[in-house]
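Structure record follows, encoded as structure tokens.
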Amino acid sequence: MGGGPAGLYFAISAKRRDAGHEITVVDRDPPGATYGWGVVYWDNLLDMLFRNDPDSAREIRAASNLWQEQDISLGGERVAHFAGYGFSVQRAALLDILTRRAQELGVRVEYGREVSDLTDLADLGCLGGLGTHADADLVVAADGANSQVRSMFGDRFGTRVDTGGNRYIWLGTPRRFESFTFAFEPTPAGWVWFHAYPSGTDVSTCIVECAPRTWDALGLGAAGEGEGLRLLGEIFAGPLAGEGLIDQPRRPARWQRFGQVSNRGWYWDNMVLLGDAAHTTHFTLGSGTTLAMMDGVMLAQMLYEHGEVPVALAEFDRAGRAALAPIQARARTSMAWFERLDAQFDRARPVADGEPDPVSFAYAMANRQGDQPPWRYQTHRAMQVGAVRRLRREVDSSVRWYLARRRGEPARPGSARGGSAASPDHRDLVAVR
């Protein structure tokens, strides 16, 4: 249930391990009606993709963008820099690749089928009833953070949703960022910020966030769609180079508060939760898609190793929740840091004009988990020197080339040292994201 990265990649992974499985992916949307902008990931996901299914991995890498370094700007021209790089891919392109690969392996994909109650589930053979499908041995609820399937079973999974305070909205911009960019802009009502990264050749994903009192004072809740985009475009005129923000006409974005989903258990009977239906992590960690796809691989492997569904689900539940616990703790800490942003600016070392120093503020953002060694700050200061950044890029290009070859990525003309893949230095990137 659910044709996102979790459900599709589980189907691919399970079929790769045993082609005899009969798997159907049910999605409520029509074919091609993929919503959302881009998603980010790092080389740990690429490593797993190439080990698990090289065919789809090569396509995903080819459709992805490489962004280099991270820029943190405060009120315009004052910018701090971090080394490292990562990848981003349009959600539509990712799902198209996964869908085609699943179908190629013999997975049946049904579109436009809404599953809203127990009768719909029974009709699919999910409750042992006689329907259009044979009785299912396993039901995978991979239908997102607001999982309709999960909600049908009350408290069977022990679902808990902790809602954050800040408001945020996922938008796009015609400006193509070459770096992962955080832009913080002051307004009379308080600070508003975005983080942006390339989604395609001519568009970037742009997630805007602010404190609830700022959101109220700016009238963003009452503003119409066009008025809200215009206002945000004016606030971020500098970082966006005047190119403004855009929305998707078929499904306009709305302001939200982040809900961290957790469950006491990830399975009940022959039903298992996967991806965002089982867990969410705050978007400032940039790990949602990676975790969803890794869920799919883990579940497929447990079924392959244990054979019996009950045993496999119990082991998936135990291992998966144990691995996720520290990640969700980091996500909660990251979310809380951004919810106290005014205090973070107060603590940042001021520069000559009394405004916060972007270099010390950026380091505080990188160290929001409190896990940076003392010498890291001096390294961070050195990275503000252009010559040092250029040297670091050369070194990282060599590392990229090596890791790409080790994964078995095909070389592409014009890529650094003949390599197509980029691998971020996690020592810098994990600290920030």
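The values are calculated or read from the model by the stated rules, or taken from the named source; none is laboratory data. As the structure is a prediction and not an experimental result, all values here were calculated from the model. Note that we place each Cβ from the backbone using ideal geometry, even for glycine, and neighbour counts take in every protein chain shown. What goes into the accessible areas is simple: the full protein's heavy atoms, side chains included, and nothing from ligands, DNA or RNA. Shrake-Rupley method; radii C 1.70, N 1.55, O 1.52, S 1.80 Å.
Could you list, in sequence order, all residues of segment 374-403 that are open to solvent by 40 Å² or more (accessible area, probe 1.4 Å), outside any helix (DSSP H, G or I) and not β-branched (Val, Ile, Thr)?
Hits for segment 374-403 are Pro374, Trp375, Gln384.
Taking only pairs six or more apart or across chains, which ones have beta-carbon atoms under 6 Å, a first residue in segment 250-277 that is closer than 30 Å to Glu227 by Cβ, and a second residue that is open to solvent by 40 Å² or more (accessible area, probe 1.4 Å)?
Once the first residue is closer than 30 Å to Glu227 by Cβ and sits in segment 250-277, its partners that are open to solvent by 40 Å² or more (accessible area, probe 1.4 Å) give Arg251/Tyr35; Pro252/Glu225; Ala253/Trp170; Trp255/Arg167; Arg257/Thr163; Gly259/Val161; Gly259/Thr163.
Only residues that are of a type in the set (A, V, I, L, M) and at pLDDT 95 or above: list them for segment 247-287, please.
At the first step, the residues of segment 247-287 found to be of a type in the set (A, V, I, L, M) are 253, 261, 271-274, 277-278, 285.
Across segment 247-287, the qualifying residues are Val261, Val272, Leu273, Leu274, Ala277, Ala278.
Okay, residues lined up against (1) open to solvent by less than 20 Å² (accessible area, probe 1.4 Å); (2) touching a Ser or Thr at 6+ places or on another chain (Cβ under 8 Å); (3) at pLDDT 95 or above:
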site: Asp120; (1), (2), (3): no, no, no
site: Leu124; (1), (2), (3): yes, yes, no
site: Gly128; (1), (2), (3): no, no, no
site: Asp137; (1), (2), (3): no, no, no
site: Arg156; (1), (2), (3): no, no, no
site: Thr159; (1), (2), (3): no, yes, yes
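Can you name the residue in segment 178-190 that is in contact (Cβ under 8 Å) with a residue 60 or more places away in the chain and open to solvent by 10 Å² or more (accessible area, probe 1.4 Å) and, of all such residues, is nearest to His282 (Cα to Cα)? Step through it out loud before you land on a result.
Here is the first cut: in segment 178-190, the ones in contact (Cβ under 8 Å) with a residue 60 or more places away in the chain are 178-186, 190.
From the residues that got through so far, the ones that are open to solvent by 10 Å² or more (accessible area, probe 1.4 Å) too are 178-179, 181, 185-186, 190.
Details: Glu178: 23, Ser179: 21, Thr181: 17, Glu185: 21, Pro186: 23, Gly190: 22 Å.
Checked segment 178-190; the qualifying residue nearest to His282 (Cα to Cα) is Thr181.
Within segment 191-205, is there a residue that is modelled with pLDDT of 95 or more, over 20 Å from Trp255 (Cα atoms) and surrounded by fewer than 20 Cβ atoms within 10 Å (Cβ to Cβ)?
no
If you go through segment 213-227 one residue at a time, do you hit one that is in contact with an Asp or Glu (Cβ under 7 Å, 6 or more places away or on another chain), modelled with pLDDT under 95 and not β-branched (Val, Ile, Thr)?
yes
Filtering segment 399-413 down to residues that are at pLDDT 90 or above and within 24 Å of the chain's Cα centre (by Cα), which residue is farthest from Ala83 (Cα to Cα)?
Arg407
Gly76 versus (1) small (Gly, Ala, Ser); (2) in contact with an Asp or Glu (Cβ under 9 Å, 6 or more places away or on another chain); (3) open to solvent by 50 Å² or more (accessible area, probe 1.4 Å); (4) farther than 29 Å from Arg150 by Cα: which is the lone unmet condition?
Going through (1) small (Gly, Ala, Ser); (2) in contact with an Asp or Glu (Cβ under 9 Å, 6 or more places away or on another chain); (3) open to solvent by 50 Å² or more (accessible area, probe 1.4 Å); (4) farther than 29 Å from Arg150 by Cα one by one, Gly76 breaks only (3).
Glu234 fails exactly one of the following numbered conditions: (1) open to solvent by 20 Å² or more (accessible area, probe 1.4 Å); (2) modelled with pLDDT of 95 or more; (3) touching a strand residue (DSSP E or B) at 6+ places or on another chain (Cβ under 9 Å). What is the number of that condition?
Result: Glu234 fails condition (3) only.
Can you tell me how many residues within segment 360-373 are over 16 Å from Arg340 (Cα atoms) and loosely packed, with under 13 Cβ neighbours inside 10 Å?
Qualifying residue count, segment 360-373: 2.
Taking segment 259-307 as the region of interest, how many residues are buried (at least 21 other Cβ atoms within 10 Å of the Cβ) and part of a loop (DSSP other than H, G, I, E, B)?
Qualifying residue count, segment 259-307: 9.
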